[in-house]
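Written below as structure tokens is the structure these notes are about.
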Amino acid sequence: MPQPTLDQLGAAIRGLRERRELSIEALAAEADLHTVSVSRIEGGKQNLTWVTLTNLAAALDVDMVDLVRLAAEQPRS
């Protein structure tokens, strides 16, 4: 399985959030995170723990494997 960068993972999370028309605040609440953390994750500035990644995937209603694949398809910065 490809290993996306933090920037790619953040872009995938942001894209899924926007497609679901969720605000950062709504995603943060659903994933039990602080809004600053979600913002930093989407910007590729914060590393994710396994728990954080699974919480975000669940909040975005996407399988973890699909999230990682989507992230790997994002352009590298």
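The values are calculated or read from the model by the stated rules, or taken from the named source; none is laboratory data. Keep in mind that what you see is a predicted model, and the values were worked out from it rather than measured. As a convention, Cβ positions derive from the backbone with ideal geometry for all residues, glycine included, and neighbour counts pool all protein chains shown. Heads up: the accessible areas ignore ligands, DNA and RNA and are worked out on the full protein's heavy atoms, side chains in. Shrake-Rupley method; radii C 1.70, N 1.55, O 1.52, S 1.80 Å.
Data for the structure
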item: Heavy atoms of THR35 accessible to a 1.4 Å probe, total area in Å² rounded to 10; result: 50 Å²
item: Angle in degrees between helix 6-19 and the longest Cα principal axis of the chain, rounded to the nearest 10; result: 50 degrees
item: DSSP-loop GluC sites (Glu not before Pro) across the range 1-42, with at most 10 other Cβ within 10 angstrom; result: GLU21
item: Whole-number accessible area per residue in Å² for the chain, which is evaluated in the context of all protein chains at 1.4 Å; result: 60 Å²
item: Rounded percent of accessible protein surface that carbon and sulfur make up, the chain, 1.4 Å probe; result: 48 percent
item: Gaussian network model of the chain, springs between alpha carbon atoms under 10 Å - residue of VAL38, VAL51, VAL62 with greatest fluctuation; result: VAL51
item: The chain - charge dipole about Cα centre, Lys and Arg +1 at Cβ, Asp and Glu -1, debye rounded to 20; result: 280 debye
item: Neighbour-limited loop hits for trypsin sites (Lys or Arg not before Pro), the chain (at most 15 other Cβ within 10 Å; DSSP other than H, G, I, E, B); result: ARG20, LYS45, ARG76
item: Distance cut-off 16 Å, percentage of C-alpha pairs in the chain lying past it; result: 40 percent
item: Inter-part distance where the range 46-71 and the range 1-45 are each reduced to a Cα centre, Å; result: 9 Å
